[in-house]
């Protein structure tokens with residue numbers, strides 16, 4: 001392989017043969033979690049077969065898919081490079097077999113392989129650029145939702161670049177959120193309308209009570225009663 005362009009390419013090249021020897025095979029069942037957000041990043045992974053879903057949780061504990069990775073793709077290197085906890089969780093989609101490279105071997109490979117070092121640097125740069133794009137998209141969608149412009153928000157989400165799987169996954173998650181917010185707002189509007197009806201009824205009842213308790217109304221009531229009694233007596 002003359003010109004490796006991905007981490008996987010380097011690992012499959014002669015230059016990466018010593019790194020391959022340090023990799024461990026992991027067997028995952030469908031839905032099995034490989035690591036969770038907040039875990040210590042102690043390994044890097046390359047998928048041999050199957051798929052890995054990268055996801056996070058919203059404030060209500062619902063899973064939001066950020067990306068789906070397939071055979072030949074690598075993940076988990078970010079936490080090893082910046083020494084931060086995992087920024088998202090990873091689980092298997094169907095039976096999946098990734099290979100794991102422990103942190104010390106990965107970092108040693110970065111230091112000893114110019115190609116691997118270059119690719120990791122480029123990958124981190126791409127991640128930063130993509131994150132900036134995602135934040136810009138999310139900012140636009142959030143602004144439209146905050147203004148109650150749900151149709152425009154949905155159109156923007158549906159027009160997202162479908163060639164970018166990560167952005168598509170984020171867009172799907174945001175679309176679900178927008179639908180939930182819209183449904184919640186409609187439900188609240190109905191509840192407020194019902195509450196207003198109840199308040200109006202109480203207000204009218206109070207007004208009637210205030211009228212019937214006045215001396216003038218009491219006098220009218222007594223006069224009407226006397227007139228009815230007089231009519232019965234004369235009848």
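Points to keep in mind about this one:
- Summarising the label geometry, the points placed 7 Å from Cα in the beta-carbon direction at residue 84 and residue 21 lie 3.5 nm from one another.
- Arranged from fewest to most other beta-carbon atoms within 10 Å of their beta carbon, 150, 45, 216 become 216, 150, 45.
- For residue 229 and residue 64, the difference between the fully extended length at 0.36 nm per residue and the C-alpha to C-alpha distance is 51.6 nm.
- Remark: 77, 147, 32 ranked as 147, 32, 77, counting other beta-carbon atoms within 10 Å and listing the fewest first.
- 16 Å cut-off, amide nitrogen to a point 7 angstrom out along residue 32 Cα→Cβ, residues in the range 75-113: 90-101
- Ascending count of other beta-carbon atoms within 10 Å, so fewest first, for 107, 227, 138: 227, 138, 107
Throughout, read-outs are computed from the coordinates displayed, never taken from laboratory work. Just so it is clear, the model here is predicted, and its values are computed rather than measured. Please note: Cβ atoms are built from the backbone with ideal geometry, for glycine as well, and neighbour counts cover all protein chains shown.
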